[in-house]
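S.K.: Here you go, one structure.
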Amino acid sequence: MKIQEIREIIKLMDQSSLDEFVFESEGTKLKLKKHGITTTVVEAPVAKPSAPQVAAPVAEQAAPAQEESKAASEQSAPAADTSAYKTITSPMVGTFYEASSPDADAYVKVGDKVTASSVVCIVEAMKLFNEIEAEIEGEIVEILVKDGQLVEYGQPLFSIK
C-alpha cells in the first residue's frame, strides 16, 4: 500500500462520520480510529501453498534471504557502538517534514548542534503542522526518516550524540 493511498483514506475518513476503519488486502492491514488516534499499518507476505515442483526455486530464494540476514547483522554490528546515542521520537502520528516548506532549507542536518528548544522538524497531523523540538542537547548524528514519510507515535526521528 502506498503512502499516498493511506493519506487519501485518512482524508476521506476525516471528512466522514466514521470513527473506525479497517482495511485488509494481500497481507496488508490498515486500521484507523478517529477518536482513539490509532493508526496501524501491517504488511506481511501472504503465505500460499506451494506444489512440490516449486520447492527448488524456494530453496534458491532462501539462500539470498540468508545472505541478506547476514548483511543486516553485519550492518547492525556497528550500530552497537551507537547505543550511547539518544533519539528524538515522534510525539504523534502524522507526516514528517524536514523543512517549513518545500523550497525552504531543512531545520537540521547531520552534524548540526541542537539545544532542547531547537525546532528539528514538523509533523503534520489532521491538517495541523506541529513543530517538534529536540528536548535534548547534542549533535544530530543521523536522520532516521525521509521527508514526507508517515511516522507513528514514538517512532525515532533523529539520533543525537
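The values are calculated or read from the model by the stated rules, or taken from the named source; none is laboratory data. Source: prediction; values computed, not measured. What goes into the accessible areas is simple: the full protein's heavy atoms, side chains included, and nothing from ligands, DNA or RNA. Shrake-Rupley method; radii C 1.70, N 1.55, O 1.52, S 1.80 Å.
S.K.: How do 29, 34 rank by accessible surface area computed with a 1.4 Å probe, from largest to smallest?
M.R.: From most accessible down to least: 29, 34.
S.K.: I've got another one for you. How large is the accessible surface of residue 100 in square angstrom, using a 1.4 angstrom probe and rounding to the nearest 10?
M.R.: Looks like 80 Å² after rounding.
S.K.: Which pairs break 25 Å Cα to Cα here: 34/161; 31/146; 2/146?
M.R.: 34/161
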